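Everything below concerns the one structure shown next.
The values are calculated or read from the model by the stated rules, or taken from the named source; none is laboratory data. The structure displayed is predicted, hence computed values, not measured ones. Because the Cβ atoms are built from the backbone with ideal geometry, glycine has one as well, and the counts that use them run over all protein chains shown. When the accessible area is computed, the model is the full protein with side chains, heavy atoms only, and any ligands, DNA or RNA have been set aside. Shrake-Rupley method; radii C 1.70, N 1.55, O 1.52, S 1.80 Å.
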Amino acid sequence: MSYNPREAYRSVRLNKGHLVARIKNITQSKWTKVCENLGLFVSKEYGKGGHYSVYRSKECSPEYTNDSSCLVLTIQKDQYPEIQRDNVKKIVAYGAYSKLYTEEDVWKALGIQ
């Protein structure tokens, strides 16, 4: 089964979606730490402008491959509240696909219980 990061998150139904309202002020820096804590590779080199790119691993970054399915998330410089739900869903979608972490792990990494 291949992973399409542009589509995978759309079918995710968050078990704790009500918690999204509590992360409306999460910054780019915090999202970076969350992704790294979950074992993802965050690159400041491959994003455009002030955006950071989050990949499955360093070996799956553009430095090593051109596989677009390696991209998990783009973390925008300015984090608007509307973006937060999609960020969570994208990270959860990859965790479910890879079996590396769960939705619960994502909420813990965000510091939301």
Residues of region 41-53 being at pLDDT below 85 and either more than 17 Å from Lys30 (Cβ to Cβ) or loosely packed, with under 15 Cβ neighbours inside 10 Å (or both), in sequence order, are Glu45, Tyr46, Lys48, Gly49, Gly50
Subset of region 95-113 [surrounded by fewer than 18 Cβ atoms within 10 Å (Cβ to Cβ) and either touching a His at 6+ places or on another chain (Cβ under 7 Å) or closer than 14 Å to Gln84 by Cβ (or both)]
Gly111, Ile112
Counted residues in region 6-38 being under 16 Å from Ala96 (Cβ atoms) and in contact with a Phe, Trp or Tyr (Cβ under 7 Å, 6 or more places away or on another chain) come to 3
Please work out which residue is nearest to the chain's Cα centre (by Cα), limiting yourself to region 3-17 and to residues that are open to solvent by 70 Å² or more (accessible area, probe 1.4 Å) and not charged (D, E, K, R).
Asn4
Qualifying positions in region 77-89 - over 20 Å from Asp105 (Cα atoms) and surrounded by fewer than 16 Cβ atoms within 10 Å (Cβ to Cβ)
Lys77, Asp78, Tyr80, Pro81, Glu82
With respect to Asn15, is the statement that it is at pLDDT below 85 and among the polar types (S, T, N, Q) true?
no
Candidates Leu38, Leu73, filtered to the one that is touching a strand residue (DSSP E or B) at 6+ places or on another chain (Cβ under 8 Å), aliphatic (A, V, I, L, M) and crowded, with 17+ Cβ neighbours inside 10 Å
Leu73
Just give me the residues in region 54-70 being open to solvent by 10 Å² or more (accessible area, probe 1.4 Å) and not aromatic (Phe, Trp, Tyr), in sequence order.
Arg56, Ser57, Lys58, Glu59, Cys60, Pro62, Glu63, Thr65, Asn66, Asp67, Ser68, Ser69
